[in-house]
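Each remark here refers to the structure printed beneath this line.
The values are calculated or read from the model by the stated rules, or taken from the named source; none is laboratory data. Please read all numbers here as calculations on a predicted model, not as lab measurements. Please note: Cβ atoms are built from the backbone with ideal geometry, for glycine as well, and neighbour counts cover all protein chains shown.
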Amino acid sequence: MPRTLDDEAYLAGHLLIAMPNMPDERFSKTVIYMCAHNAEGAMGLVVNKPLETLKFPDLLEQLDIVPSGLSEPINVHFGGPVESGRGFVLHTPDYVQEATMVVDDQIALTATVDILQAIADGIGPRQSLLALGYAGWGPGQLDSEIKANGWLHVAADPALVFGGGMDDKWEQAMLKIGVDPRMLSDEAGHA
């Protein structure tokens with residue numbers, strides 16, 4: 001049965017894919033993992049815009065976290081324009097603490113420093129992505145943007161959310177729903 005806007009978590013666990021004509025440059029060719037979406041609004045994290053100016057070891061140093069078992073640093077992403085100084089970790093649900101929000105059976109969200117310490121110690125989740133800031137919408141706002149053809153959406157898959165290939169994540173998300181991005185125009189049509 002298809003999900004409707006009346007469902008408690010309409011697009012939670014889905015990817016939002018910006019259309020080529022996205023008027024907001026901050027979201028040009030973005031892929032956003034939706035953590036929450038209901039009548040009160042929506043919240044998601046951009047998963048394909050790594051920050052070039054901040055690396056994970058630098059962030060750990062700023063937070064006075066000394067890594068003891070860090071095998072591979074994770075990417076730090078631009079998660080969205082809201083609360084850009086706040087960190088959010090999307091991760092596999094093999095790591096859950098009291099403050100963790102389990103979105104679905106494949107992805108969870110934790111926004112406490114404890115998860116950064118666990119990652120630095122090599123005991124964090126199997127896969128993770130750190131985002132600074134988030135994308136947020138008020139009641140009905142995202143639904144209006146979708147109706148105005150600003151976004152497409154598709155069920156998320158961890159390989160796309162956590163995988164590398166940041167430069168082609170948008171194209172891969174489009175292909176996942178059967179849309180060849182080369183066939184889309186970024187200009188409005190005229191009759």
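Across the range 127-142, the number of residues qualifying as out of contact with any Phe, Trp or Tyr (no Cβ under 8 Å at 6 or more places or on another chain) and either over 30 Å from Ile65 (Cβ atoms) or exposed (fewer than 15 other Cβ atoms within 10 Å of the Cβ) (or both) comes to 5. Being over 29 Å from Leu11 (Cβ atoms) and touching a strand residue (DSSP E or B) at 6+ places or on another chain (Cβ under 8 Å) holds for only one residue in Lys49, Lys55, and it is Lys55. Where helices (runs of 4 or more DSSP H) fall wholly inside the range 88-191, the ranges with 2 or more residues that are in contact with a Leu (Cβ under 9 Å, 6 or more places away or on another chain), at pLDDT 90 or above and over 21 Å from Asn21 (Cα atoms) are 113-120, 158-162. Selection of the range 41-75 for residues being in contact with a Pro (Cβ under 6 Å, 6 or more places away or on another chain) and over 20 Å from Pro125 (Cα atoms) yields only Gly41. Return the residues of the range 32-75 that are modelled with pLDDT under 90, under 21 Å from Lys169 (Cα atoms) and not in a loop (DSSP other than H, G, I, E, B); say none if nothing qualifies. Answer for the range 32-75, where residues must be modelled with pLDDT under 90, under 21 Å from Lys169 (Cα atoms) and not in a loop (DSSP other than H, G, I, E, B): just Phe56. Filter the range 20-33 down to the residues that are surrounded by fewer than 23 Cβ atoms within 10 Å (Cβ to Cβ) and in contact with a strand residue (DSSP E or B) (Cβ under 9 Å, 6 or more places away or on another chain), then identify the one that is nearest to Glu145 (Cα to Cα). Across the range 20-33, the extreme among qualifying residues is Met22.
Taking every residue in the range 142-162 that is in contact (Cβ under 8 Å) with a residue 60 or more places away in the chain and pairing it with any residue that is assigned to a helix (DSSP H, G or I) and acidic (Asp, Glu), at least 6 positions away or on another chain, the pairs with Cβ-Cβ distances below 9 Å are Trp151/Glu145.
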